[in-house]
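A.B. asks: The following block contains the structure, expressed as structure tokens.
Nothing in this text is a laboratory measurement; each read-out follows from the coordinates by a stated rule. Please read these numbers as outputs of a predicted model, since none were measured by experiment. Cβ placement follows ideal geometry from the backbone for every residue including glycine, while neighbour counts extend to all protein chains displayed.
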């Protein structure tokens with residue numbers, strides 16, 4: 001039973017870390033990366049469709065993304081979706097290819113992105129701690145129902161705490177990497 005609780009907590013903590021990774025990918029660094037456009041949706045025959053399902057996204061050089069739409073009639077829709085997004089990107093169309101130059105990050109923009117990254121990391125930490133809290137509550141419930149002894153509860157709590165500490169350390173490591181990436185010129 002304790003192992004089940006620990007496994008459930010670990011799974012929830014892994015999902016928190018995974019979500020943090022996705023959120024960090026959306027924070028723009030100075031370099032071009034296809035994951036920047038990951039969450040973008042385009043109107044395709046009346047329905048919202050992910051951008052990567054209507055166009056091929058590739059990195060042209062360190063500061064430029066290029067998109068090639070599979071359906072040429074989609075080019076204006078793709079441009080409109082990129083401009084409407086909160087990424088601050090301005091696509092330039094050259095025939096059938098849409099180029100998206102990455103603007104240089106100013107010091108102020110970098111600090112704003114770092115602030116955003118810290119907020120994302122804090123919400124991941126909170127999520128990890130919530131998983132710990134729920135696991136601890138389940139252990140207390142097992143003791144109350146006399147399914148396990150207090151020694152087993154203590155051992156389970158220690159294991160869950162070690163698990164939590166490990167995940168919080170991983171969050172800190174990811175945050176430090178993202179901050180270093182953002183401060184790189």
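A.B. asks: Specify the angular offset, from 0 to 90 degrees and rounded to the nearest 10, of the alpha carbon long axis of helix 107-144 from the longest principal axis of the alpha carbons in the chain.
C.D. replies: Its long axis makes an angle of about 30 degrees.
A.B. asks: Quick check: the angle from helix 2-26's long axis to the longest principal axis of the chain, C-alpha only, nearest 10 degrees?
C.D. replies: Its long axis makes an angle of about 20 degrees.
A.B. asks: So what is the relative contact order for the range 34-101, in percent, with contacts set as C-alpha pairs under 8 Å and at least six apart?
C.D. replies: Reported relative contact order: 27 percent.
A.B. asks: Relative to the longest principal axis of the chain, what angle (0 to 90°, nearest 10) does the C-alpha long axis of helix 150-183 take?
C.D. replies: It works out to around 20 degrees.
A.B. asks: Based on the mean of other beta carbon atoms within 10 Å per residue, what is the order of 36-48, 126-138, most packed first?
C.D. replies: My ranking of the peptides, most packed first, is 126-138, 36-48.
A.B. asks: Let me ask you something else. Determine the shape class of the range 94-139: with a ≥ b ≥ c the square roots of the Cα gyration tensor eigenvalues, call it rounded for a/c under 1.5, and otherwise prolate if a/b is greater than b/c, oblate otherwise.
C.D. replies: Since a/c reaches 1.5 but b/c is at least a/b, the shape of the range 94-139 is classed as oblate.
A.B. asks: So if I take the centroid of the Cα atoms in the range 5-22 and the same for the range 50-102, what is the distance between those two points in Å?
C.D. replies: 33
A.B. asks: Against the 2.2 N^0.38 Å scaling, with N counting residues, where does the chain land? I'd like the Cα-based Rg ratio to two decimal places.
C.D. replies: Against the empirical 2.2 N^0.38 Å value, I get 1.38 for the chain.
A.B. asks: So, one more: Apply 1/(1 + (r/R0)^6) to the Cβ-Cβ distance of residue 68 and residue 7, taking R0 = 45 Å, and write down the FRET efficiency to the nearest 0.05.
C.D. replies: 0.55
A.B. asks: Can you give me the Rg/Rh ratio for the range 34-101, using Cα atoms for both radii and the Kirkwood formula for Rh?
C.D. replies: Rg divided by Rh gives 0.91.
A.B. asks: Based on the alpha-carbon gyration tensor of the range 1-75 and its eigenvalue square roots a ≥ b ≥ c, which shape applies: rounded if a/c is under 1.5, prolate if not and a/b is larger than b/c, or oblate?
C.D. replies: Here the range 1-75 falls in the oblate category.
A.B. asks: Run the numbers on the chain and let me know its relative contact order in percent, using alpha-carbon pairs under 8 Å that are six or more apart.
C.D. replies: Once normalised by length, the contact order is 26 percent.
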